[in-house]
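So the structure is just underneath, and the comments pick up after that.
The values are calculated or read from the model by the stated rules, or taken from the named source; none is laboratory data. Quick caveat, the model's predicted, so the values are computed rather than measured. Glycine gets a Cβ as well: all are built from the backbone with ideal geometry, and neighbour counts include every protein chain shown.
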Amino acid sequence: MPNSHKTRWGIHLALIVVCGLICIPALYALQLATLTFDAAFRSPPQLFPPGNDLVENVSALFTRLQFGNLMLNTTLVALVVVVGKTALSLLAGLAFVYFQFPGKTFLFFVVLLTLLMPTEIILLPLFRMMSELEWGRLNPRLALTVPFLASATGVFLFRQHFANIPRELAEAAQLDGASPLRFLRDVLIPMSWNVIGAQALIQFIATWNAYLWPVLIVQDATQYVIQQGVRSASSSGGQTDFGLLMAAGIIASLPPLLLFIFLQRQFMNGFALTQDK
């Protein structure tokens, strides 16, 4: 027993040290966010105590760089993408598990294949398509949302989840005369809140952190998303204002962080391993 206690304390101590090392960059960013432009360039860098300019930097973000409007724009785009991707992924998962149609296995293989393709390789053809449709000029939010409503990750998650739900439920619903959409609404969705939460969290963070595609599409400053605002905060008189930049990065990371804290149980349970019955 004493040896087991020593081992446990050793593991806890090692984990505390590792967590402390991981937190150092975040703590340093928070320290820089409290400094003025001149103080951030002081040599050696000031690590402690914190500065007194955090409120000033945050105020500059929301007044001069309109961070409130940028966060609202990004929230609207992220919500549309999350809701659209979740709905389409639910329908695709339902089709792949409970419907029989020619080429089903091949189509699912194609869906899995797209998981290996980074988003960057489709940006050029996607940009050309958006230019021909003039969506980026007429309404940038259409170009920011519609091309990303389909999700291979979501289809895979829901397909695997639905495949582990007992077939007897589908047979009982069919005997009761329930349509596929009613079976999805009344049976599958109530049993899938953990997967829905995990899917929503993944897609919200991905959309919130998107930068390259919005830079290509959005030219109007009033339609900028939050990552473009962070980029705008990185320069001051031709030099990087690290205090303002770190404050912008911290504020931009708060919504995804709060959402993860709120949905962490669903996120972990959504990826829990299950076994076929």
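Scanning segment 100-123 for residues that are assigned to a helix (DSSP H, G or I), in contact (Cβ under 8 Å) with a residue 40 or more places away in the chain and within 18 Å of A210 (Cα to Cα) gives T119, E120, L123.
Being closer than 23 Å to A87 by Cα, over 24 Å from the mean Cα position of the chain (by Cα) and surrounded by 19 or more Cβ atoms within 10 Å (Cβ to Cβ) narrows it down to one of F158, F162, F183, so name that one. Break it down stepwise before answering.
Values: F158 fails: over 24 Å from the mean Cα position of the chain (by Cα); F162 fails: over 24 Å from the mean Cα position of the chain (by Cα).
Only one candidate qualifies: F183.
Has segment 132-151 got any residue that is out of contact with any strand residue (DSSP E or B) (no Cβ under 7 Å at 6 or more places or on another chain), of a type in the set (G, A, S) and surrounded by fewer than 14 Cβ atoms within 10 Å (Cβ to Cβ)? Checked against the condition, which is being out of contact with any strand residue (DSSP E or B) (no Cβ under 7 Å at 6 or more places or on another chain), of a type in the set (G, A, S) and surrounded by fewer than 14 Cβ atoms within 10 Å (Cβ to Cβ), segment 132-151 yields no hits at all.
So that you can scan it fast, the table gives a plain yes or no per residue for (1) under 19 Å from L76 (Cβ atoms); (2) aliphatic (A, V, I, L, M); (3) modelled with pLDDT under 90:
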{"residue": "A143", "(1), (2), (3)": "yes, yes, yes"}
{"residue": "F148", "(1), (2), (3)": "yes, no, yes"}
{"residue": "E171", "(1), (2), (3)": "no, no, yes"}
{"residue": "Q174", "(1), (2), (3)": "no, no, yes"}
{"residue": "S179", "(1), (2), (3)": "no, no, yes"}
{"residue": "S192", "(1), (2), (3)": "no, no, yes"}
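The set of residues in segment 124-167 that are polar (S, T, N, Q), in a helix (DSSP H, G or I) and out of contact with any helix residue (DSSP H, G or I) (no Cβ under 6 Å at 6 or more places or on another chain) comprises S131, T153, Q160. Applying the criterion of at least 3 residues that are surrounded by fewer than 16 Cβ atoms within 10 Å (Cβ to Cβ) and modelled with pLDDT of 85 or more to the helices (runs of 4 or more DSSP H) found wholly in segment 1-76 leaves 2-32, 54-63.
Scan the helices (runs of 4 or more DSSP H) fully inside segment 168-242 and keep the ones with 3 or more residues being of a type outside the set (S, T, N, Q), touching a residue at least 24 places away in the same chain (Cβ under 8 Å) and out of contact with any His (no Cβ under 6 Å at 6 or more places or on another chain).
Working: elements: 180-183, 193-208, 212-217, 226-232.
Ranges flagged: 193-208, 212-217.
For the subset of segment 96-125 comprising residues that are of a type in the set (A, V, I, L, M) and crowded, with 17+ Cβ neighbours inside 10 Å, which member is nearest to V155 (Cα to Cα)? My answer is V111. In the condition set (1) touching a helix residue (DSSP H, G or I) at 6+ places or on another chain (Cβ under 7 Å); (2) farther than 22 Å from Y224 by Cβ, I121 is compliant with all but (1).
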